[in-house]
Amino acid sequence: MTAKPAPIARFDGAAVWSKLGPAQRATIGIIALELVIANKTACTTDRSEPIRHRAAAAAGALLVGELDRAVSDAVAGKADFSCDPVPSLVGDICQKCGCTELDACEGGCSWLSPGRCSACAGRHTGRARQARALP
Ligand SMILES: [Zn+2]
Ligand SMILES: [Zn+2]
């Protein structure tokens, strides 16, 4: 007999963001803005402009590390990370199979109740769920 797995813990980014100071928010925000722009430029210049692409890709690689460092420093002590939480913006998660709004079960599924999808109850819907917009 195997033990029932612990419920999937969640990371509430909005709650942690509300605990950050202005300097931490500015650091994270600036890096996030520059990272998205670097990735957009790297994508749009992939073959057409190899010199611009190279510089943008380097910026993206740097900024991923900078964002990880800034966020890790900012959230330290502000949430429990020992349980490997999953970000809340992904929406509901089936506690049995791990499917989400963005990753429905093969054959389609829907929510029977919070944390429980229809595929895990043997009822496939035949269609994937629609991805929801972020708040
Ligand atoms: Zn499921
Ligand atoms: Zn499912």
Residues in region 102-118: is at least one touching a Pro at 6+ places or on another chain (Cβ under 7 Å), within 27 Å of I8 (Cβ to Cβ), within 12 Å of ligand 2 (Cβ to nearest atom) and modelled with pLDDT of 95 or more? no
List the pairs whose first member sits in region 8-20 and is under 21 Å from D92 (Cα atoms), whose second member is surrounded by 13 or more Cβ atoms within 10 Å (Cβ to Cβ) and of a type in the set (S, T, Y), and whose Cβ atoms are under 9 Å apart, counting only residues at least 6 apart or on separate chains? R10/S88; F11/S88; D12/S88; G13/S88; A14/S88; A15/S88
Please work out which residue is surrounded by the fewest Cβ atoms within 10 Å (Cβ to Cβ), limiting yourself to region 16-50 and to residues that are aliphatic (A, V, I, L, M) and either in contact with a Gly (Cβ under 6 Å, 6 or more places away or on another chain) or not in a helix (DSSP H, G or I) (or both). L20
Per the filter on region 72-104, residues outside any strand (DSSP E or B) and β-branched (V, I, T) are V75, V90
Sole miss for D68 among (1) surrounded by 12 or more Cβ atoms within 10 Å (Cβ to Cβ); (2) at pLDDT 95 or above; (3) away from ligand 1 (no atom under 16 Å from the Cβ) is condition (1)
State whether one or more residues within region 36-46 are among the charged types (D, E, K, R) and modelled with pLDDT under 95. yes
Among the residues of region 1-15, which ones are assigned to a helix (DSSP H, G or I) and touching a Phe, Trp or Tyr at 6+ places or on another chain (Cβ under 9 Å)? none
Within region 99-113, can one find any residue that is more than 16 Å from ligand 1 (Cβ to nearest atom) and out of contact with any helix residue (DSSP H, G or I) (no Cβ under 7 Å at 6 or more places or on another chain)? no
With respect to A14, is the statement that it is over 30 Å from R116 (Cβ atoms) and at pLDDT 95 or above true? no
Leading residue by the ranking (surrounded by the most Cβ atoms within 10 Å (Cβ to Cβ)) among those in region 82-96 that are without any contact (Cβ under 8 Å) to a residue 24 or more places away in the chain and farther than 13 Å from S113 by Cα: V90
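The values are calculated or read from the model by the stated rules, or taken from the named source; none is laboratory data. Source: prediction; values computed, not measured. Please note: Cβ atoms are built from the backbone with ideal geometry, for glycine as well, and neighbour counts cover all protein chains shown.
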